[in-house]
Amino acid sequence: LGITPVAGFSSQTFNILGDGVFGNSSGAVTGTQPYPSFAGDFASIYQMSSSGAAGVLHVAFEGRLAPFQTEVNGVLVDIKGVGASPQYNLKIYAEGSGGTPVYTSGLTAAPGAITQLSIGGAQLSAQPTGKKRFFVVVEASIDAGEEVHVGRPFTTQV
């Protein structure tokens, strides 16, 4: 009886990215991370809201591939809009890409119920190099009384 190694397999890691950081604000905007609503969306949500017209606020989450990994295979992000017409633009940045996003959703209307967005690795125009860091960024475009809610991204990496 012997054991023969199997060729062609890879190890996949599932990872929830760390805490988000708010930035690139414009207008009367606020970013908060309230205590999770266990009876509501059942998620740790980052809330971006505005009390004036034409507000913009971003939230960024950092990830990093392990030394033996070569690609971000998938990104899952929960998103929800509150109010008349909140919008978001989901962008993914990869180290080594010169500050240009390797994925962008374009400005999109935020759904009224929490919805999980799924971006596959094949949708990324490049993968992280160097120290293999990447960022998932959600840019909210919101008017008075509008909010965009974002959950911490979940990634698969190989």
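Within straight-line reach of K80, meaning a Cα separation under 19 Å, sit the following lysines at least 8 residues removed in sequence or on another chain: K91. Share of carbon and sulfur in the accessible area of the chain stands at 55%, probe radius 1.4 Å. Sorting Y46, Y35 by solvent-accessible area of protein heavy atoms yields Y35, Y46, largest first, with a 1.4 Å probe.
Each other residue within a Cβ distance under 13 Å of A94 adds +1 if Lys or Arg and -1 if Asp or Glu, for a net charge of +2. Spatially, segment 27-104 and segment 12-26 are offset by 7 Å when compared through their Cα centroids. Considering the chain as a Gaussian network with a 10 Å cut-off on Cα pairs, which listed residue, Q87, Q47, Q69, attains the greatest mean-square fluctuation? Checking each option, the largest mean-square fluctuation is seen for Q69.
In this rough spin-label picture, where each label sits 7 Å from Cα along the Cβ direction, the F38-S51 distance is 3.2 nm. Annotation: amide H-H contacts under 5 Å for N73 (H modelled 1.01 Å from N, sequence separation of 5 or more, or interchain): T156, Q157, V158. Candidate values [x] 1.06; [y] 1.13; [z] 1.01 were compared with Rg/Rh (Cα atoms, Kirkwood Rh) computed on the shown model; the agreeing label is [x].
A 1.4 Å probe run over the chain, with the rest of the protein chains in place, finds 52 Å² accessible per residue.
The values are calculated or read from the model by the stated rules, or taken from the named source; none is laboratory data. Predicted, not measured: the structure shown is a model, and the values here were computed from it. Because the Cβ atoms are built from the backbone with ideal geometry, glycine has one as well, and the counts that use them run over all protein chains shown. Accessible surface areas use protein heavy atoms only, side chains included; no ligands, DNA or RNA. Shrake-Rupley method; radii C 1.70, N 1.55, O 1.52, S 1.80 Å.
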